[in-house]
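For reference, the structure discussed in these notes is given below.
FYI, it's all coordinate maths here, none of it is from the lab. Since this is a predicted model, take the numbers as computed values, not measurements. For neighbour counting, all protein chains shown are included, and Cβ atoms are generated from backbone atoms with ideal geometry for every residue, glycine included.
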Amino acid sequence: MTKLLISIIFHLEAFAMASSEKNKIVAELNNRAASLIDAGRYQEAIKLLTEVLSLDSSRQGIFFNRAEAHRLLGNIEAARKDLLSALQIAPDDPEVLHGLGLLAYEQDDFPLAMEYYRKAIDKDPAFAPAWNDLGVVEFRSQHYDSARNFFEKAVALDPDFSEAWFNLADTYEELGMAEARAHALSQLRMARLRSGEKSENEEHE
């Protein structure tokens, strides 16, 4: 084996090790930022994710997390910009499409929100949050039968989806379906117990 070939192999191995270490660091920082978002520390998360993007701007998850922090702060345009960047990287990602739908919904653009939710479902028919949020739009529009169908689909896909059970119970109430509402509330309590989620009463105690 020539010295040149040995040198090339050495540098390739060193590059692979450096790349692997970089990927590990980026993943750890992105996870830390997600924890900051969960804790409501949105500005800190945005600052950290901006630093992460200076290391690696090829991952849609980093843009997605920063978009979520911006959205929760009410920075709609910044959130949209990050989601569109994520969409360029991963055009088939249902979470990104769903995120764009949430932004449209928060600006009361219901047709655009539903368009994005349906695109998310086209990419992943088992993506329960998009079914739930289709129901939310229909409920807000007082289309209760349609909302019911969407919420029922969401809980069928994810029986622990407490938000969808809550929405379904409200929809049954609007439709005058008392027995079905009682069942949905029972399922809501069970879902919260399984996930360790507190009820609204517990949260305010």
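Residue-wise HN-Hα couplings along the stretch 81-95, as the Karplus relation 6.51 cos²θ - 1.76 cosθ + 1.60 with θ = phi - 60° gives them from phi, are 4, 5, 5, 5, 5, 5, 5, 5, 6, 9, x, 9, 7, x, 5 Hz; Gly and Pro carry x. With the Kirkwood sum run over all distinct C-alpha pairs, the chain has a hydrodynamic radius of 19.3 Å.
In order along the stretch 128-143, the Karplus-derived 3J(HN,Hα) couplings, from 6.51 cos²θ - 1.76 cosθ + 1.60 at θ = phi - 60°, round to 4, x, 5, 4, 4, 6, 4, x, 4, 4, 5, 5, 4, 8, 6, 9 Hz, and Gly and Pro are given as x. Sequence-distant contacts, meaning Cα pairs under 8 Å at least 6 residues apart, place the relative contact order of the stretch 36-177 at 13 percent.
Just check the stretch 65-120 against the gyration tensor rule for me: Cα atoms, a ≥ b ≥ c as the square roots of the eigenvalues, rounded for a/c under 1.5, and otherwise prolate or oblate depending on whether a/b exceeds b/c. Oblate.
Note down the net charge around A169, summing +1 for each Lys or Arg and -1 for each Asp or Glu among other residues with Cβ under 12 Å from its Cβ. Before the final figure, lay out each step's value.
On the way: positive: R148, R181, R189; negative: E152, E163, D170, E173, E174, E179.
Once all neighbours under 12 Å are counted, the net charge is -3.
Compared with the dominant principal axis of the Cα atoms in the chain, helix 3-38 is inclined by about 30°.
For the pair the stretch 79-103 and the stretch 24-71, the centres of their Cα atoms are 15 angstrom apart. Rounded to the nearest 10 degrees, the angle from helix 144-157 to the longest Cα principal axis of the chain is 50 degrees. Each stretch of four or more DSSP H residues adds -39500 (n - 2.57); spread over every residue of the chain, this sum gives -26500 deg cm²/dmol at 222 nm.
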